[in-house]
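Just below is one structure, and these are the notes that go with it.
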Amino acid sequence: MLTPALLSQTAKFLQASDFEPDADNFLFVQKKEDDTNKAMMMLDANVSILESIHSFYQGLMDVNNPNTNFDPLRHSSACRDALADFALQMREFTHDFRMHGARARTLAKITADRKDLVQQKLQAHTNSVMESLTIQSQREAVNMRIISVLGFLLLPATFVSTFFSTDVVKYQKDDGPGAGGDGGQGPRESYSPLAMERWVEVALPMTVLTFAAAYMMVYWERVRRWTRLLACTK
Amino acid sequence: MASFVDFITMFAVKGSSGRQVEPVELRFSGFRERILLARPARALALPSLGLGGRNYQLCYSLKRMNLRRQAAKQEDFLWSARHSAVHHQFDIEKGVTVWVVASARDELRGRIKQLTGANGNADFRQEDRCFASAEESFISSLAVHLVLAQWATEDWRGYIRWLEQVLEEKVRGDQAPF
């Protein structure tokens, strides 16, 4: 009887897609599940204690029991009547505890199942977030590739224009005072060996320094990884 | 009965640091019995107290839940577990009964007084407060066990109902799919 009701309920629950469980929700359910289990334990303990009391008195009043010598009370009819009454009520209380225990057990089972459901919902939610993040980062990667290809294509031209903007080679109208007699012949190319020398003197050490710094960084990273590995194996 | 000490120590569990870690040791429970009814008497005989030395002893503990504080929101209700530790001794010679009941608050003592005390509630059975003979004492002692059992059954229904309600409310969210 319970199973079809539960099934239909869980089905509806699955369809309620706008319900988004959060971590607080989950913690609360977990805590209450613990409480339910604790209640079950306490109820079971009470059942066994009431049963023990009951069987203790039964044994005490048992006329045929040679181990107890509860005379003359065990032959008294008033006592026997009182014990019968007592047994009846004890059975009632025991039954109460059993009933509550069964109810708690059912609740614990349902809670465990629903917790699974909440967990799955949480998982699905996380998955969809991750998926959209991945799509976004893929799109960004394509953009970055286009930019880097463009940069790579323009690299030689960039280098040449940087170099030619230095004073090594100059193109200018020759109408300065040092131009001499053959002026008025249009732009002239002038090469300065001194500028070339300075350029090489600065650019080469800088390049070497850059490479050295890059190598040092790689080396440090390697050393760090090795020490971490060694620490792990110890 | 020495093992009653075990039952008493449930009420204060201290960690290694000396700090009280939980108010009541929930997981402990037990039932002990000791029957010394054989002749000649083997137990302690104190004729001045009416103890003949033939007795039986019982020790047990019962647990229940108690609603400590109601709140506006159902999930903020505060419940606490309550313990009682019971020691009972019945001496068969004159029907002298000894009860040692440990529980938080005084409610159990009040109830037992109502049931068995000379000034107790007149609505209860008269035979439960008669101690003239061993027979009457025995019948009265059974009634005390029943009071204790009755005390332990209370509030369980409310507690489990509350658990069911808050869990249902939490798991289904704002919308009501159930």
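Please treat every number below as a calculation from the coordinates, not as lab data. Note that the coordinates shown come from a computational prediction; the quantities given were computed from them, not determined experimentally. All Cβ positions, even for glycine, are placed from backbone atoms using ideal geometry, and neighbour counts span all protein chains on display.
Some notes on this structure:
- Over segment A:21-139, Cα pairs under 8 Å with separation of 6+ residues give a relative contact order of 43 percent.
- Positive dipole terminus of segment A:192-234, leading residue within A:226, A:214, A:192 (C-beta point charges): A:226
- Just so you know, the Cα atoms of segment A:21-139 work out to an Rg and Dmax of 26.8, 95 Å.
- With the largest listed first and rounded to whole Å, the semi-axes of the equivalent ellipsoid of segment B:49-178 from the Cα gyration tensor are 41, 14, 12.
- Legend: mean number of C-beta atoms from other chains within 10 angstrom of residue C-beta atoms, peptide A:33-39, equals 4.
- Cα gyration tensor shape of segment A:192-234, rounded if a/c is under 1.5, else prolate or oblate by comparing a/b with b/c: prolate
- Remark: mean inter-chain Cβ contacts per residue of A:46-54 equal 6, using a 10 Å Cβ-Cβ cutoff to other protein chain atoms.
- Ascending count of other beta-carbon atoms within 10 Å, so fewest first, for B:135, A:197: A:197, B:135
- Between residue A:145 and residue A:77, the contour length at 0.36 nm per residue exceeds the alpha carbon distance by 14.4 nm.
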